[in-house]
Amino acid sequence: MPSEGRTKRLANRIQETLSEMLIFEITDPRLSGVFVSKVRVDREFAYASIFVSALEGVEREDEVLEGFKHASGFIRTQLAQRIQLRSFPQLRFYWDPSPAHAERIEELIQEIHKEDEQDEKDDPEENAA
């Protein structure tokens with residue numbers, strides 16, 4: 001069995017290579033503005049789980065995943081040519097909701113700061129104490 005370090009190195013290499021392919025080579029309009037947020041490779045190197053997201057957010061989830069499903073054979077072939085392994089893992093694509101969650105958390109923090117500022121303006125005596 002490969003070491004955890006080797007598994008992580010392979011996952012990083014797949015993420016970097018696929019990200020470059022998305023920018024420079026893949027022309028499918030369904031995959032424009034898409035980024036790879038994380039890659040996990042199982043310990044047997046049988047499957048690579050690729051987590052993707054889009055700049056526009058969750059509205060494009062179905063479209064993006066359909067684009068990856070359609071292009072998965074091409075992507076796997078290209079990755080296998082660039083990353084030398086005896087047997088290249090099967091690719092599984094998943095939507096990563098993390099960027100949308102992070103954006104929502106950021107909005108909530110900004111709302112709290114605005115409310116705090118408004119409270120300070122409304123009650124200046126409380127701030128002096």
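What follows draws every value from the coordinates through simple rules; no lab data is involved. Computed from a prediction, not measured in an experiment: that's the story for all the values here. All Cβ positions, glycine included, derive from the backbone under ideal geometry; neighbour counts span all protein chains shown.
General remarks:
- Two-site label geometry, Lys38 and Glu4: point separation in nm, points 7 Å out along Cα→Cβ: 1.5 nm
- Listed by Cβ neighbour count within 10 Å, with the fewest neighbours leading, Ile83, Ile23 appear as Ile23, Ile83.
- Point-charge dipole on Cβ atoms (K/R +1, D/E -1) for the range 1-44, about Cα centre, debye to 20: 220 debye
- Taking the Cα centre of the chain as reference, the dipole from Cβ charges on Lys and Arg (+1) and Asp and Glu (-1) amounts to some 2040 debye.
- A dipole drawn for the chain from +1 and -1 charges on Cβ atoms has a positive end, and of Val58, Ser87, Leu108 the residue lying farthest that way is Ser87.
- Per-pair calculated FRET efficiency, R0 = 30 Å: Glu59 and Gln90 via Cβ, rounded to 0.05: 0.60
- Charge dipole of the chain about the Cα centre (unit charges at C-beta), most positive-ward option of Ser37, Ser3, Gly67: Ser3
- With only Cα atoms counted, the range 46-127 has Rg and Dmax values of 22.0, 72 Å.
- Residues in the range 24-65 reached by a label modelled at Gln78 [backbone nitrogen below 17 Å; 7 Å Cα→Cβ]: 24-37, 50-53, 64-65
- Note on Glu66 and Asp122: with the Förster distance fixed at 35 Å, the Cβ-Cβ geometry gives a FRET efficiency of about 0.10.
- Fraction of beta bridges assigned by DSSP in the chain that are antiparallel (%, nearest 5): 55 percent
- Label-point gap, in nm, between Ser49 and Glu111 - each point 7 angstrom along Cα→Cβ: 3.1 nm
- Neighbour-count order for Asp122, Asp42, fewest beta carbons within 10 angstrom listed first: Asp122, Asp42
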